Amino acid sequence: MELASKYNPSDVEDKWYQYWLDNGFFHSTPDERKPYTIVIPPPNVTGVLHMGHMLNNTIQDVLVRRARMQGKNACWVPGTDHASIATEAKVVASLAEKGIKKSDLTREEFLKHAWDWTHEHGGIILEQLKKLGASCDWERTAFTMDEIRSDSVTKVFCDLYEKGLIYRGVRMVNWDPKALTAISDEEVNHKEVHGKLYYLRYRIEGEDGYAVVATTRPETIMGDTAMCIHPDNPKTAHLKGKKVIVPLINRSIPVIEDEYVDMEFGTGCLKVTPAHDVNDYVLGEKYNLPSIDIFNDDGTLNEHGAMYEGMDRFDVRKKIEKDLEEAGLMDKMEPYTNKVGYSERTDIPVEPKLSMQWFLKMSQIAKPALENVENDTIKFHPEKYKNTYRHWMENIKDWNISRQLWWGHRIPAYFLPNGGFVVALSKEEAYEKALKQVDYPITIDDLRQDEDALDTWFSSWLWPISVFDGINNPDNEEIKYYYPTSDLVTGPDIIFFWVARMIMSGYEYRNQECFKNVYFTGIVRDKIGRKMSKQLGNSPDPFELIKKFGADGVRMGMLLTAPAGNDLLYDDSLCEQGRNFNNKIWNAFRLVKGWEVADTEQSESGKIAIEWFDSQLSKTLLEVDDLFGKYRLSEALMAVYKLFWDEFSSWYLEMIKPAYQQPIDRETYNATLGFFDSLLKMLHPFMPFITEELWQALETRKPGESIMVQLMPDPKTVDKKLISEFEKIKEIIAGVRTVRLQKNVPNKEQLTLQVVGKHKSDFDSVIIKLCNLDKIEEVSEKSPNAATFMAGTTEFSVPIEGLVNVEEEIKKMEDEIVYLEGFLQSVLKKLSNERFVQNAKPEIVENERKKQADAESKIASLKESVNAMRS
């Protein structure tokens, strides 16, 4: 297989991805092997790939490819989420462009448009993942609204309702006036907003005085049904048992007393608006207050808004401020910063609103989910997220599962003509249940199904089970084989929305964990730490990056600085580093394959190199295994990167490289190809495309062979002594190379290396080759005018007489002596400080003494060299 002189990713990536698909390497079916299963966090069906997806799916692919190469039956299930709010908003916007309003359509007509939109725009993101190299089992692609998943959702709703865990009732919810639906607490982001605190005058009925109330929302006064004071507050005691008049609309409301009121806030008087504040709602229930809803669903005021009917809530705030001032009912205004809840989806302030909704009781199903994360049945990586999880689970509230949307799973509840409802899997089943429940004649057409859809997360919380049809067919072969899944890779921002709820559904419907490990990625930020967004324009197009750097370069760039749970500060230079590494691998491969091979005797340096690198390879294999076990993927990649770049390319290949226009012996060559095979396998999970290309070129392959289904190399015994001794040899070689560099001695000039004292000669052949020496000799005294260096505690010298400018060298050494003497003084000052010596850790003191000894040794050696040059 002829390799191009330069690596061009576009020549390689599509070719091998198609080859993998054609050979079914991504597909998994149950067999006798140990399963390794990952379910993809399903992206929005109409979404496109962004940098967060790139990071998340690269990590998943690394884990899956590695599991495959460990002999496991790896199954990575892809799919998409119907994303109720986001998709419905896009469909509504698309229809508006054509002059069509959602309100003018029937549900069926709207859903036809929604399905058309989904079929047209859906699944793009999955196709994009293929460009990244994602080795998903595409034959298993699932969608949260396909038939299997939809049936699963309906079945679970009915089951939980029968168990008494789902109920319907009027509750205070978070209302999104733009999306026109209720949303859960977890879908609300609280932001600091700089606004005003308005002090309003409520006239005391039958008196001349006023009670002053402080509020951030004067537009809600039309919904006031009481004023509340603390029973023990002397400042407001005069209001007990009285009534006050709501400003502008002149409605009389009672003054009630409750310890809930904070005596220190504002004036001690609280306006109570049960329909538009969660805490006021509780007071309203407690004191049986009427509830006046003043808002329409779109955030405009309704008929209870009096003269402001039809106006937007924020326009009313501006108008009512003026009106109150003109009426003399505004006591004062102050700048005020408070936290306001914003809808995660539409990014507008939510409105607390009383609404009839469906809820799922959470306290019971949360218990095993909390317990099994606490006891590490399910492990979080990094572990710090256990605290976040515990806090939420211990304070869990019932889940509002209904949404006032059409796109989604319709709630399987059917209302009866004379009140009441039944919950059933189908309309036919609902009719059978209804006949048993009512004592009047009805037809199936008399049943009216609830218009609401279920929260999107109500389908995705079943994902690890439903992708294997484990709800509809709980004993099928696949769910029994693949479940529980192995690892989940996701962001910490959906720990409540998704992770916690999946864990709950796992224990509720399989009575076991749904995955064994959760790897939390960080957030991809730009190099100055800002979150990437379209608005800031700081989010690169992943496909432009792949075009520029290649998929392997981008994958590596994403992983190099992506420790679990920590944010990734992205910069193009990371991908550039990835591309450079690709080029390094490619060039090293071409170098080796370009050598002429002969049946000659193996050199001594070749034998040593093979023995040493074999141990170095095994050491790294064990290190990588350990790092993967701890989910430290960035460090694992860095270990392989250093093995290839430093140990293999910079040392091993230099040690075995044949002389110019000379052949390499067959034994060393074959061992080198074997090492290349192992290195490519270690790199494959991280960089699948280039490793496949080079593995195929390593030797003649049969059709259908691939690196991705080869087994990872097994580590052999690590000779730690050999590795340690070789580190000393590297120091010697580096010392000679430094002499050449500093003295401007060309590499072609042979040098002699003198060892002052005893020297172990096992590695001399390597030193001689890499330093271009004529010999290594032990001497009792170094030659005059020799350049010296220390390696460990041994002094080495290189005679350079006739090769260098003596005066220049003496000047350099004298400058070095001045620097080292200054350094030595700073160390001695520290060691003469009794407090430092007594209080510092022994190893720190010992390290300072070592610095002293090293500096003294170098100074003595340099002075000796200066004297020798002058003599």
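Taking amide H positions as modeled 1.01 Å from N, with prolines and chain starts lacking one, the residues under 5 Å from D331 and 5 or more places away or on another chain are Y199, L200, R201. Assuming charge only on the beta carbon of Lys and Arg (+1) and of Asp and Glu (-1), the dipole of segment 309-459 about its Cα centre is about 500 debye to the nearest 20. Nearest 10 degrees, 0 to 90: what angle lies between the long axis of helix 842-870 and the longest principal axis of the chain (Cα atoms)? Orientation of helix 842-870: about 40 degrees from the principal axis. Quick check: from the Cα gyration tensor, does segment 435-582 come out rounded (a/c under 1.5), prolate or oblate? Prolate shape, in that a/c is at least 1.5 and a/b is the bigger ratio. Maximal additional length on extending the L111-Q662 stretch stands at 191.0 nm, based on 0.36 nm per residue less the C-alpha distance. Which percentage, to the nearest 5, of the DSSP beta bridges contained in the chain is antiparallel? Of the beta bridges lying entirely in the chain, close to 70 percent run antiparallel.
Each Lys or Arg adds one and each Asp or Glu subtracts one; over the other residues with Cβ under 11 Å from the Cβ of M54, this totals 0. Residues whose amide H falls under 5 Å from that of N296, counting only those 5 or more places apart or on a different chain, are L301, N302, with hydrogens built in the peptide plane.
Among the GluC sites (Glu not before Pro) in segment 423-513, those placed in a DSSP loop whose Cβ has at most 13 other Cβ atoms within 10 Å are E451. Checking the Cα-Cα distances for K163/K379; K367/K681; K318/K353; K760/K829 against a 32 Å cut-off, the pairs over it are K367/K681; K760/K829. What a 1.4 Å probe finds exposed on the chain is 49% carbon and sulfur by accessible area, rounded to a whole percent. Under 5 Å between amide hydrogens, built in the peptide plane, is the criterion, and for T37 it picks out C75, S486, D487 among residues at least 5 positions away or on other chains. Mind checking which of M712, Y641, A868 is farthest towards the positive end of the chain's charge dipole, using Cβ charges of +1 (Lys, Arg) and -1 (Asp, Glu) about the Cα centre? Value: A868. Rounded to the nearest Hz, the phi-derived 3J(HN,Hα) couplings of segment 15-27 under the Karplus curve 6.51 cos²θ - 1.76 cosθ + 1.60 (θ = phi - 60°) are 4, 6, 4, 5, 4, 4, 5, 4, 8, x, 5, 7, 7, where x marks glycine and proline. Tell me the net charge near P30. Cut-off is 12 Å between Cβ atoms, P30 excluded, with +1 for each Lys or Arg and -1 for each Asp or Glu. Value of the local net charge: -1. For the residue pairs K728/K851; K130/K630; K155/K427; K34/K630, the C-alpha atoms sit more than 25 angstrom apart in K130/K630. Between rounded, prolate and oblate, where does segment 3-76 land on the alpha carbon gyration tensor, with a ≥ b ≥ c its root eigenvalues, rounded for a/c under 1.5, else prolate if a/b exceeds b/c? Oblate, because a/c is 1.5 or more while a/b does not exceed b/c. When the listed pairs K516/K841; K178/K384; K6/K131 are checked against a 29 Å cut-off, the alpha-carbon distance exceeds it for K516/K841; K178/K384.
Restricting the GluC sites (Glu not before Pro) of segment 558-608 to loop positions (DSSP other than H, G, I, E, B) with no more than 16 neighbouring Cβ atoms within 10 Å leaves E596, E601.
All C-alpha pair distances within segment 310-406, sorted into 10 Å bins from zero, spread as 11, 24, 26, 20, 13, 6, 1 percent across the bins. Short-range pairs are left out: with C-alpha atoms under 8 Å and at least six residues apart, the relative contact order of the chain is 12 percent. Bridging of K811 to aspartates and glutamates at a Cα separation below 17 Å is possible for E801, E821, E864, once same-chain residues fewer than 8 apart are set aside. Say the dipole of the chain comes from +1 at the beta carbon of Lys and Arg and -1 at that of Asp and Glu; which of N56, F763, F110 then lies farthest toward its positive end? Among N56, F763, F110, the one farthest towards the positive end of the dipole of the chain is F763.
Charge dipole of the chain (Cα centre as origin; +1 on each Lys and Arg Cβ, -1 on each Asp and Glu Cβ, all else neutral): 1160 debye, rounded to the nearest 20. So how far, in whole Å, is the C-alpha centre of segment 285-337 from the one of segment 78-137? The distance from the Cα centre of segment 285-337 to that of segment 78-137 comes to 38 Å. Between the helical axis of 363-374 and the longest alpha-carbon principal axis of the chain there is an angle of about 10 degrees. Taking θ as phi - 60° and the Karplus parameters 6.51, -1.76 and 1.60, the scalar couplings of segment 56-61 work out to 4, 7, 5, 4, 4, 5 Hz in sequence order, x denoting glycine and proline. Dipole magnitude for segment 167-210: about 140 debye, using +1 per Lys or Arg Cβ and -1 per Asp or Glu Cβ, origin at the Cα centre. For the chain, the solvent-accessible area of protein heavy atoms averages 46 Å² per residue (probe radius 1.4 Å; ligands and nucleic acids excluded). Qualifying chymotrypsin sites (Phe, Trp or Tyr not before Pro) in segment 240-335, where qualification requires a DSSP coil assignment and no more than 15 other C-beta atoms within 10 Å, comprise Y260, F265.
Using only Cα atoms, tell me the angle between helix 84-97 and the longest principal axis of the chain; keep it within 0 to 90° and round to the nearest 10. Roughly 80 degrees between the two axes.
Projecting the Cα positions of P703, V77, I733 onto the charge dipole of the chain (unit charges on Cβ atoms of Lys, Arg, Asp and Glu, taken about the Cα centre) puts I733 furthest along the positive direction.
The values are calculated or read from the model by the stated rules, or taken from the named source; none is laboratory data. Note that the coordinates shown come from a computational prediction; the quantities given were computed from them, not determined experimentally. No Cβ is skipped: glycine too gets one built from the backbone with ideal geometry, and neighbour counts run over all protein chains shown. Just the protein is used for accessible areas: all its heavy atoms, side chains included, with ligands, DNA and RNA removed. Shrake-Rupley method; radii C 1.70, N 1.55, O 1.52, S 1.80 Å.
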